[in-house]
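Student: Before I ask anything, let me first share the structure, which is written out below as structure tokens.
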Amino acid sequence: MRKENEKFIQEMRVYLMTKGVDEDEIDSFLMEAEDHLNEGEKEGKTAADIFGKSPKAYAKELIASMGQSHQDNRKFIARLIAGVFGIFLVSQFIDGNNAFSIIELIGYPISTIIWLIALISALRLSSFHSGVRRFLIVYGITMIPMLFTVGVTVLHMEYGTDVLFLSQPVVITVGGIIILGLIANFTSLIGILSSMVLMAILFGSQLLIHLFHLEGFGWEIGAYAVSVVGLLVMMSFQKQVPKTVIKG
Amino acid sequence: MQTTQMLKGIIDGCILSIIQEGEVYGYELASKLDAYGFESFSEGTIYPILIRLQKDNLIQSTLKKSTAGPKRKYYSLTERGEEELADFQKRWNHLSTTVNQILNKGGSVDEERK
């Protein structure tokens, strides 16, 4: 398949997912769209020839006919929250932190929610844009939760008093179970292996910071951001592997 | 008025009629519309319509293996779709007769003026 067509399919999937369209309906449409693009390609037709010059306008037309499934949206958000929470706990374990202040206990869940809203908005708004514009949209939007998280960390360092103490084994067990649960969501060996590699990269970045004693908020927040973005990549990976490979 | 705007009200009936000729998949349906003369019609437009027609229970789809490899969705009419098509044909016949009468009358008025 031509690169431009592949890009159309992937961006359409992300856009429809962030708009809360039922996953089965997305799969069903994209199967037909892919077939249509392949057939059209033989006659020299591009994605723009088939689906019009504005993929976003086309997506909106599709959504209007599909109807949105809020239940499916909830499933997507629940998985994201679980993932972010799991990554947060494992990061705390790597950091050697097992005591939490009230500022952290209230601030980090709020920060997680802002991260989620920002990431979903960034994905939705940056769909069908490319180059500098796409970078600016994603960068601009993710700066908001990034600054909020830094704010929580600064407040905690200045005024935080630890009130909740968890033992290291508890932190790693809870975090580990959540992440393993997410990885087990994949139904194929390839999906499981790829998500494990991705997890290794995610926590690898944090382990490296810890091992090389790279101090400072910038490093910490950077590693946290890499983990959250990685989680989204992992979740969309299952969808990008052809169904036949997943089932096999 | 743009052709696409005029088409809005009648394209559903045309698609139902093509599907009635025999089971079709998306690309095939778009090619048939093109062959019948709807060249300016953007091919992708059929999918939102097909989704809507299926939601309204006028058409149904079955997955079949294609020669190209992956499975393909083939559409056929439901009983309700057959009824809707018959109704559409009646409405269209009435409409086209009326419109033709008005247009032809307009032509004769022009001639009288000359």
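The values are calculated or read from the model by the stated rules, or taken from the named source; none is laboratory data. It should be emphasised that the depicted structure is a prediction, and the values quoted were computed from it without experimental measurement. Cβ placement follows ideal geometry from the backbone for every residue including glycine, while neighbour counts extend to all protein chains displayed.
Student: May I ask you to verify whether A:Asn5 is within 30 Å of A:Ile183 (Cα to Cα), of a type in the set (S, T, N, Q) and in a helix (DSSP H, G or I)?
Tutor: Yes; evaluated as a whole, the condition is true for this residue.
Student: Out of (1) surrounded by fewer than 18 Cβ atoms within 10 Å (Cβ to Cβ); (2) touching a residue at least 24 places away in the same chain (Cβ under 8 Å); (3) out of contact with any strand residue (DSSP E or B) (no Cβ under 6 Å at 6 or more places or on another chain), what's the single condition that is false for A:Glu6?
Tutor: (2)
Student: Pick out the one residue from A:Leu136, A:Leu116, A:Leu89 that is among the aliphatic types (A, V, I, L, M) and more than 22 Å from A:Val14 (Cα to Cα).
Tutor: A:Leu89
Student: Restricting to the range A:133-168, and then to whatever is surrounded by 12 or more Cβ atoms within 10 Å (Cβ to Cβ) and not in a helix (DSSP H, G or I), can you tell me which residue is nearest to the chain's Cα centre (by Cα)?
Tutor: The residue in question is A:Leu166.
Student: Looking at (1) touching a residue at least 12 places away in the same chain (Cβ under 8 Å); (2) among the aromatic types (Phe, Trp, Tyr); (3) out of contact with any Asp or Glu (no Cβ under 7 Å at 6 or more places or on another chain), which is the one condition that is false for A:Phe135?
Tutor: Looking at each condition in turn, A:Phe135 falls short on (1).
Student: A further question on this structure: Take the range A:9-58 and flag every residue that is surrounded by 19 or more Cβ atoms within 10 Å (Cβ to Cβ) and not in a helix (DSSP H, G or I).
Tutor: The one that is surrounded by 19 or more Cβ atoms within 10 Å (Cβ to Cβ) and not in a helix (DSSP H, G or I): A:Val21.
Student: When the range A:159-172 is examined, which residues are found to be under 12 Å from A:Asn98 (Cβ atoms) and of a type in the set (Val, Ile, Thr)?
Tutor: A:Val170, A:Val171, A:Ile172
Student: If I filter the range B:69-88 for residues that are among the small types (Gly, Ala, Ser) and farther than 18 Å from A:Asp35 by Cβ, do I get at least one hit?
Tutor: Yes, the conditions are met somewhere in the range B:69-88.
Student: Scan the range B:30-41 residue by residue and report those that are within 9 Å of another protein chain (Cβ to nearest Cβ) and either touching a His at 6+ places or on another chain (Cβ under 8 Å) or in contact (Cβ under 8 Å) with a residue 24 or more places away in the chain (or both).
Tutor: The one that is within 9 Å of another protein chain (Cβ to nearest Cβ) and either touching a His at 6+ places or on another chain (Cβ under 8 Å) or in contact (Cβ under 8 Å) with a residue 24 or more places away in the chain (or both): B:Ala30.
Student: Those residues that are within 15 Å of the chain's Cα centre (by Cα) and of a type outside the set (Val, Ile, Thr), I need them from the range A:13-31; list them, please.
Tutor: Passing the criteria: A:Arg13, A:Tyr15, A:Leu16, A:Met17, A:Lys19, A:Gly20.
Student: State whether the residues of the range A:217-225 include one that is among the charged types (D, E, K, R), closer than 23 Å to A:Ala82 by Cβ and either modelled with pLDDT under 70 or in a helix (DSSP H, G or I) (or both).
Tutor: For the range A:217-225, residues among the charged types (D, E, K, R), closer than 23 Å to A:Ala82 by Cβ and either modelled with pLDDT under 70 or in a helix (DSSP H, G or I) (or both): present.
Student: Now a separate question. For A:Ile103, work out the one condition from (1) surrounded by fewer than 19 Cβ atoms within 10 Å (Cβ to Cβ); (2) aliphatic (A, V, I, L, M); (3) touching a residue at least 40 places away in the same chain (Cβ under 8 Å) it doesn't fulfil.
Tutor: With (1) surrounded by fewer than 19 Cβ atoms within 10 Å (Cβ to Cβ); (2) aliphatic (A, V, I, L, M); (3) touching a residue at least 40 places away in the same chain (Cβ under 8 Å) applied to A:Ile103, the lone miss is (1).
Student: While we're here: Taking the range A:11-63 as the search range and keeping residues that are of a type in the set (Gly, Ala, Ser) and more than 8 Å from chain B (Cβ to nearest Cβ), which one is nearest to B:Leu53 (Cα to Cα)?
Tutor: Residue satisfying both the conditions and the ranking: A:Ala59.
Student: Out of B:Tyr27, B:Tyr75, report the one residue that is modelled with pLDDT of 95 or more and under 21 Å from A:Met66 (Cβ atoms).
Tutor: B:Tyr75
Student: Moving on to the next point. May I ask you to list the residues in the range B:51-70 that are at the interface with another protein chain (Cβ under 8 Å from one of its Cβ atoms) and either buried (at least 16 other Cβ atoms within 10 Å of the Cβ) or at pLDDT 90 or above (or both)?
Tutor: Matches in the range B:51-70: B:Ile51, B:Arg52, B:Lys55.
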